[in-house]
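Everything below concerns the one structure shown next.
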Amino acid sequence: MNKAIQESIAEYFKEDDLGRNQYYLEKLPAAQVSCQLKIKSDLVLAGLPWFFETFKYLGENEIDQEYFKKFEGRSYKAFETELSFPMPFSMALTGERIALNLLQRASSIATFTKEFVDRAAGSGISILDTRKTTPGHRALEKYAVRTGGGLNHRLGQTDMWMVKDNHKKFFGGIKEAVSFFEQMGSFYNPIEVEVHDLSELTEAFELGIKHIMLDNFTPEQIKSAIDLKSDGVSYEVSGGITLSNIDAYLLSGVDAISIGALTYAPPPVDLSLKYERL
């Protein structure tokens, strides 16, 4: 049993507030049904651990999750296939919406991520997410990005120190902000600095910064930044990059492209769960 997932699922069931109608829960028929997970749009299937742990939370222990692992992360065409498994009707009906919500959210993110990853294939550039995740769902959404072939930027604020605009404004500049984070005394925590022009880029170089985000740089500005790049420095490009313009940013010398929309604005995929009485 995945304890971390189970703790989250317990909160989701509190939101559904089923406990206030115990009579309804007791009267739901426990007869076995065959459940068919129907894939109704082209997608990358992601989130099956959350999907099946939802029913396991309700006491369903007969599903062979090891068997279904082989379906996770695969690309499917609409109506190409469906996954079938037996379960008591009472558990299926009680857990259906939570399970589908989680699976749809993860699959939407994985599908959208894969579109960017496929576009960047062969360039050597990694596709990263950001911390623009839904509160309470970061683990699911970051997992979905990985399932879609992307990489995680930071799981939390303290995974690495990132100097952003508000730090620079508050502390009085890049140098002062970097100094603040250096005083945190985290031996293994790297520092990344977000820069908005070549002047800030030069200042970051002078401070010995190795990880730099080129924020809202145009492709031409990125080319100029690449001309200044030295060994051991990584460039992350971010800001307004979409499927319609990403090709212009796939430049030799760029190491990664981060896209907040992977987790906050993926187009939804279509899934449903249907039953047949056994």
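Annotations for the structure displayed:
- Among (1) free of Cβ contacts under 8 Å to residues at least 12 places away in the same chain; (2) under 30 Å from residue 95 (Cα atoms), the one test that residue 227 misses: (2)
- Residue in region 131-153 that is surrounded by fewer than 20 Cβ atoms within 10 Å (Cβ to Cβ), without any contact (Cβ under 8 Å) to a residue 40 or more places away in the chain, within 10 Å of the chain's Cα centre (by Cα) and in a helix (DSSP H, G or I) present: yes
- Within region 66-100, the set of residues being surrounded by fewer than 17 Cβ atoms within 10 Å (Cβ to Cβ) and among the β-branched types (Val, Ile, Thr) comprises 81 only.
- Residue within region 75-89 that is part of a helix (DSSP H, G or I), farther than 18 Å from residue 267 by Cα and not hydroxyl-bearing (Ser, Thr, Tyr) present: yes
- Hits in region 101-118 (condition: crowded, with 16+ Cβ neighbours inside 10 Å and within 27 Å of residue 215 (Cβ to Cβ)): 108, 109, 110, 111, 112, 113, 114, 115, 116, 117
Results for (1) under 25 Å from residue 268 (Cβ atoms); (2) of a type in the set (Val, Ile, Thr); (3) touching a helix residue (DSSP H, G or I) at 6+ places or on another chain (Cβ under 6 Å), shown as yes or no for each residue.
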| site | (1), (2), (3) |
| --- | --- |
| 13 | yes, no, no |
| 35 | yes, no, yes |
| 50 | yes, no, yes |
| 56 | no, no, no |
| 61 | no, no, no |
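Conditions (1) at pLDDT below 95; (2) more than 30 Å from residue 109 (Cα to Cα), marked per residue:
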| residue | (1), (2) |
| --- | --- |
| 134 | no, no |
| 168 | no, yes |
| 174 | no, yes |
| 208 | no, yes |
| 230 | yes, yes |
| 233 | no, no |
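The values are calculated or read from the model by the stated rules, or taken from the named source; none is laboratory data. This one's a predicted model, so the numbers in the text were calculated from it and none came from an experiment. As a convention, Cβ positions derive from the backbone with ideal geometry for all residues, glycine included, and neighbour counts pool all protein chains shown.
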